[in-house]
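Only the coordinates and a few stated rules stand behind these numbers; no lab work does. Quick caveat: nothing in here was measured; it's all calculated off a predicted structure. Virtual Cβ from ideal backbone geometry, glycine too; neighbours counted across all protein chains shown.
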Amino acid sequence: MKAFTTRIIMAMALLSAAISCTTNNGNIGEWMGRWKLTEIECNGSVVSDYEGNMFFAFQSTVFEVRKVGDYYEHDEKYGTWVDDGKGTLEISFPDERYKPFEELHFSQERNVLTYDKVDANGFELTLHAADGNTYTYHLVKWE
């Protein structure tokens, strides 16, 4: 019985280690980490009522948008993302519970954004939204 219990514990430990592994220790290159959304533009004009309180995070295929309140309370929205490596990023929010924040003007289904270069000093994402406007998101590395 002791040998059987030991085998079960070993099998569980092995299984736990196997399912917790990620490629490259979870590092996904230049996208890795949290990015502060410093500014939003609509058709070339700064959106003045954006409070500078959102953060984007990329991990594996999971995309997170975090909105921080006055007292550091926060709300998160989760989606998926794919980078084609050629300057196009696709973000979607397939779960109805995690609709994107209205300030972003993202649709829940498929948002195709373009970028030139991802750099820790900052980069821009551009979205030609369903409402007919072009939004530019200015981001800087936060963590």
Self-check item: chymotrypsin sites (Phe, Trp or Tyr not before Pro) lying in DSSP loop within region 53-143, provided at most 10 other Cβ fall within 10 Å
Solution: Y71, Y72
Quiz item: Relative contact order (percent) for region 49-96, with alpha-carbon contacts under 8 angstrom and 6 or more residues of separation?
Solution: 25 percent
Self-check item: region 31-143, relative contact order [Cα under 8 Å, separation at least 6], %
Solution: 27 percent
Self-check item: Theoretical FRET efficiency, 1/(1+(r/R0)^6), r = Cβ-Cβ of K117 and S60, R0 22 Å, to 0.05
Solution: 0.50
Quiz prompt | DSSP-loop GluC sites (Glu not before Pro) across region 42-98, with at most 13 other Cβ within 10 angstrom | solution = E51, E73
Quiz item: Amide H neighbours of T38 under 5 Å, counting only residues 5+ apart in sequence or on other chains, H built in-plane at 1.01 Å?
Solution: H138, L139, V140
Self-check item: Loop sites in region 52-143: trypsin sites (Lys or Arg not before Pro), DSSP, at most 10 other Cβ within 10 Å
Solution: K86, K117
Quiz item: Which lysines, on any chain, are close to K141 with Cα under 28 Å apart, when same-chain ones fewer than 8 places away are left out?
Solution: K36, K67, K77, K86, K99, K117
